[in-house]
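Novice: Here it is, the structure, as structure tokens.
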Amino acid sequence: MFPPRSAGLMFAATSLLVTISCGANVPSKPEAAAAVSKAIESKLTKTLPSLTYCQTVQSDFSFANMGQMDFVEMFQNLKDKGPLNDAATAGVVKVELKEFRVDPAGRSPDPSCDALHAQYKQGGPGGPVRFAVVRTTLTPKGTAAGVAFDRPIEVATRELVEVTDVRPESGGAAAVKYTWAWKATTMAETIGYTPPSAQSATARLRHSDGGWIAENAGIK
């Protein structure tokens with residue numbers, strides 16, 4: 001026995017209502033893009049340090065064949081040498097090296113050598129040695145470009161590239177897969193910084209009275 005025609009129409013209408021209701025719990029890609037863009041908005045900065053470092057070297061050692069990258073490596077108190085290496089390669093920072101004879105009976109040749117010189121005055125490590133002092137300086141190119149030491153330099157802004165997928169989750173939330181990238185500033189090129197390639201992430205969105213907002217952007 002076949003069901004009445006009206007019952008079939010009611011079932012179809014109910015199915016359509018359920019579909020529309022489920023769809024309302026998922027943001028459109030433009031809505032998701034707007035929410036994610038706001039959530040990941042950020043600026044990346046790099047700081048070039050003003051440094052002076054003193055060390056001792058044996059009297060028969062020569063710096064003649066060493067370049068700027070080698071001098072950067074001499075800053076043993078600098079953990080992240082990347083930004084300084086990049087800036088030196090870009091020609092906006094130069095590492096200068098000066099050598100001084102160690103005279104235990106005299107005065108320290110540079111404030112950065114005071115501690116080492118005191119050791120030698122007190123009869124510290126013997127042997128013929130000399131002091132080597134490396135110091136960061138700005139080149140004329142760096143000064144003209146407005147580069148400054150010990151001050152954050154904005155090198156990139158984080159931006160959304162594309163929303164690739166939107167799916168509903170329990171509790172009325174939505175999972176949004178997307179790609180993002182750092183967009184380099186003019187100063188990034190000046191100091192030799194190259195942003196990494198685009199990356200993928202998944203954000204969790206929830207609907208509020210003001211629209212869709214990100215509970216978790218999926219990145220730090």
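The values are calculated or read from the model by the stated rules, or taken from the named source; none is laboratory data. Note that the structure is predicted; figures quoted are calculated from it, not measured. Every residue, glycine as well, gets a Cβ built from its backbone with ideal geometry; the counts of neighbours run over all protein chains shown.
Novice: Could you tell me whether VAL129 is modelled with pLDDT under 95 and either of a type in the set (A, V, I, L, M, F, W, C) or surrounded by fewer than 16 Cβ atoms within 10 Å (Cβ to Cβ) (or both)?
Specialist: For VAL129, the condition - modelled with pLDDT under 95 and either of a type in the set (A, V, I, L, M, F, W, C) or surrounded by fewer than 16 Cβ atoms within 10 Å (Cβ to Cβ) (or both) - is met.
Novice: Can you go through TRP182, TRP212 and tell me which one is more than 27 Å from THR45 (Cα to Cα), of a type in the set (Phe, Trp, Tyr) and touching a residue at least 12 places away in the same chain (Cβ under 8 Å)?
Specialist: Checking each option against the conditions leaves just TRP212.
Novice: Quick check on this structure: which one of ALA198, ALA203, ALA188, ALA156 is more than 19 Å from GLY82 (Cβ to Cβ), touching a residue at least 24 places away in the same chain (Cβ under 8 Å) and surrounded by 15 or more Cβ atoms within 10 Å (Cβ to Cβ)?
Specialist: ALA203
Novice: Follow-up question, since we're still on this one. Against the definition (surrounded by fewer than 19 Cβ atoms within 10 Å (Cβ to Cβ), among the basic types (Lys, Arg) and touching a residue at least 12 places away in the same chain (Cβ under 8 Å)), how does LYS220 come out, yes or no?
Specialist: No: the conditions fail for LYS220.
Novice: Okay, next question. Only one residue in VAL133, VAL163, VAL129 is of a type in the set (Val, Ile, Thr) and not assigned by TED's automatic domain parsing to the domain that holds VAL92. Which one?
Specialist: VAL163
Novice: Report, ordered by the first and then the second residue, all pairs with beta carbons closer than 8 Å, sequence separation of six or more or different chains, a first member in the range 68-92 that is in the same structural domain as PHE131 (by TED's automatic domain parsing), and a second member that is of a type in the set (Lys, Arg).
Specialist: GLN68/LYS94; VAL72/LYS81; GLU73/LYS81; PHE75/LYS81; PRO83/LYS46; ALA88/LYS94; GLY91/LYS141; VAL92/LYS141
Novice: I need the full set of residues from the range 167-185 which are touching a helix residue (DSSP H, G or I) at 6+ places or on another chain (Cβ under 8 Å) and surrounded by fewer than 19 Cβ atoms within 10 Å (Cβ to Cβ), in order please.
Specialist: Answer for the range 167-185, where residues must be touching a helix residue (DSSP H, G or I) at 6+ places or on another chain (Cβ under 8 Å) and surrounded by fewer than 19 Cβ atoms within 10 Å (Cβ to Cβ): just PRO168.
Novice: What are the pairs with Cβ atoms under 8 angstrom where one residue, in the range 117-146, is on the phi > 0 side of the Ramachandran plot and the other, located anywhere, is at pLDDT below 95 and part of a strand (DSSP E or B)? Sequence gap at least six, or different chains.
Specialist: Going by the 8 Å Cβ cut-off, the qualifying pairs are GLY127/GLN58.
Novice: Which condition number does THR137 fail, the rest of (1) in contact with a strand residue (DSSP E or B) (Cβ under 8 Å, 6 or more places away or on another chain); (2) among the hydroxyl-bearing types (Ser, Thr, Tyr); (3) buried (at least 19 other Cβ atoms within 10 Å of the Cβ) being met?
Specialist: (3)
Novice: Still on this model: Since GLU99 meets every condition but one in (1) surrounded by 14 or more Cβ atoms within 10 Å (Cβ to Cβ); (2) touching a strand residue (DSSP E or B) at 6+ places or on another chain (Cβ under 8 Å), which condition does it not meet?
Specialist: Every condition holds for GLU99 apart from (1).
Novice: Taking into account only those residues within the range 10-49 that are at pLDDT 95 or above, of a type in the set (Val, Ile, Thr) and assigned to a helix (DSSP H, G or I), which is surrounded by the most Cβ atoms within 10 Å (Cβ to Cβ)?
Specialist: VAL36
Novice: Please go through the range 105-126 and give me each residue that is outside any loop (DSSP other than H, G, I, E, B) and either surrounded by 12 or more Cβ atoms within 10 Å (Cβ to Cβ) or touching a helix residue (DSSP H, G or I) at 6+ places or on another chain (Cβ under 8 Å) (or both), ordered by number.
Specialist: SER112, CYS113, ASP114, LEU116, HIS117, ALA118, GLN119, TYR120, LYS121
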